[in-house]
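Data first, discussion second: the structure below is written as C-alpha cells.
The values are calculated or read from the model by the stated rules, or taken from the named source; none is laboratory data. Computed from a predicted structure; not experimentally measured. Note that we place each Cβ from the backbone using ideal geometry, even for glycine, and neighbour counts take in every protein chain shown.
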Amino acid sequence: MIMKKIVLVTGATSGFGKAIAIKFAVNGCKLIITGRRNDRLKDLKMKLEQEYKTEVLALCFDVRNSAEVEKNIHSLPENWKVIDVLVNNAGLAVGMHPVHEGILEDWERMIDTNMKGLLYMTRFVAPSMVARRKGHIINIGSIAGKEVYPNGNVYCGSKFGVDAITRGTRIDLVPYNIKVTQILPGAVNTEFSIVRFKGDKEKADSMYKGFIPLTAEDVADAVYYVASLPDHVNVNELILMPTAQASSMHFHKV
C-alpha cells in the first residue's frame, strides 16, 4: 500500500530509526530524518532519495536540547510543515550497574534522551496536528517499560516513563482525533547493545547467543503496520518479542 504522508523519524542514523525510515520510504512517504551524526544522516538521505525516489529532509540536532528541537521544527520549510506521523525513536541504554554503583552521567543521558527528548519533540510537533485534528504519534518504548530486570534500574525507569507519557498523551490528544501508539520491542540485535556496553562488541553479541533476536526491520514492520491502518483504528500499544523470549528475563536458548 502506498502511503503519501510526511513522516518524521528521530534517531534515524542507525538501528530502528534507519530501518523505519527505509520502510516508510519504500511505501512512498516523504521523510524528515533527524540525528546527531551528520555524516550518517547525509548517507541515509542519499540512499532514500536514490534508491526509493522519495523526498528527504535531513535535520542534524540533538533531541535532548529543547532549543534545538524548537528551532528546527519551527523553521521547517512550508512544504514540510504538515507532519502526518511523528516517530519518537531516539533512545538508548548506557551501562548495567546496580543502582548503588550507577554512573550519574549515564543516568542523565538516558533520562534526557528517552524521556525529555521524546517530550520535546511531541511538544513542538503536536500543536500542528491539533490544529489540523489529524496526525499520529508513535513512541518507541521497550519491554523494559513493562518489566524491570537486574541492573536495568534507570533504563527501565525511563521506559516506564515513556509508557506513562504515551498513555497521558493519548488522553490529552484524543479530543483532536490524533492517534498515539507505543511499540514495545523485546530483545533486538542492533547497535543498541554496543552503546549499552560502551563499545564492547563481544559483550554486546553475547546477549543474543542461543536464540534468534528481533531485527530492526521487524520493528520497522510493526511501526509501519500501525501507521497504515484506517483513520478510525488505533493500536494503543504493540509488544513485539522474539519467539524465544517470554518476558524481559525469560528466554529459551539452545
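Being modelled with pLDDT of 95 or more, closer than 28 Å to K81 by Cα, touching a strand residue (DSSP E or B) at 6+ places or on another chain (Cβ under 8 Å) and surrounded by 20 or more Cβ atoms within 10 Å (Cβ to Cβ) is a property that holds for T166.
Give segment 25-44 a look and list any residue that's assigned to a loop (DSSP other than H, G, I, E, B) and either of a type in the set (F, W, Y) or closer than 22 Å to K5 by Cα (or both), or say none.
Those that are assigned to a loop (DSSP other than H, G, I, E, B) and either of a type in the set (F, W, Y) or closer than 22 Å to K5 by Cα (or both): N27, G28, C29.
For segment 126-143, a residue qualifies if it is touching a Gly at 6+ places or on another chain (Cβ under 8 Å), surrounded by 20 or more Cβ atoms within 10 Å (Cβ to Cβ) and farther than 14 Å from T166 by Cβ, and the qualifying residues are M129, I143. For segment 31-72, taking the residues that are in contact with an Asp or Glu (Cβ under 8 Å, 6 or more places away or on another chain) and among the hydrophobic types (A, V, I, L, M, F, W, C), the one that is nearest to S158 (Cα to Cα) is identified as F61.
Looking only at residues in segment 71-108 that are in a helix (DSSP H, G or I) and without any contact (Cβ under 8 Å) to a residue 24 or more places away in the chain, the one that is nearest to N139 (Cα to Cα) is E108. Here G15 passes the criteria (1) crowded, with 18+ Cβ neighbours inside 10 Å; (2) modelled with pLDDT of 95 or more; (3) touching a helix residue (DSSP H, G or I) at 6+ places or on another chain (Cβ under 8 Å) except the one numbered (2).
For segment 188-198, the count of residues that are touching a Leu at 6+ places or on another chain (Cβ under 7 Å) and outside any helix (DSSP H, G or I) is nonzero. Answer with yes or no whether I178 is surrounded by fewer than 14 Cβ atoms within 10 Å (Cβ to Cβ), within 24 Å of R123 (Cβ to Cβ) and without any contact (Cβ under 8 Å) to a residue 60 or more places away in the chain. Spelling it out, it is not the case that I178 is surrounded by fewer than 14 Cβ atoms within 10 Å (Cβ to Cβ), within 24 Å of R123 (Cβ to Cβ) and without any contact (Cβ under 8 Å) to a residue 60 or more places away in the chain.
Taking the numbered list (1) part of a loop (DSSP other than H, G, I, E, B); (2) out of contact with any Ser or Thr (no Cβ under 9 Å at 6 or more places or on another chain); (3) of a type in the set (A, V, I, L, M, F, W, C) in turn, F160 passes all entries but (1). Scanning segment 188-212 for residues that are touching a strand residue (DSSP E or B) at 6+ places or on another chain (Cβ under 8 Å), on the phi < 0 side of the Ramachandran plot and surrounded by fewer than 20 Cβ atoms within 10 Å (Cβ to Cβ) returns N189, F211. The C-beta contact set for segment 224-242 (first residue farther than 20 Å from V7 by Cβ, second residue part of a loop (DSSP other than H, G, I, E, B) and of a type in the set (F, W, Y), distance under 7 angstrom, 6+ apart or interchain) comprises P242/F211.
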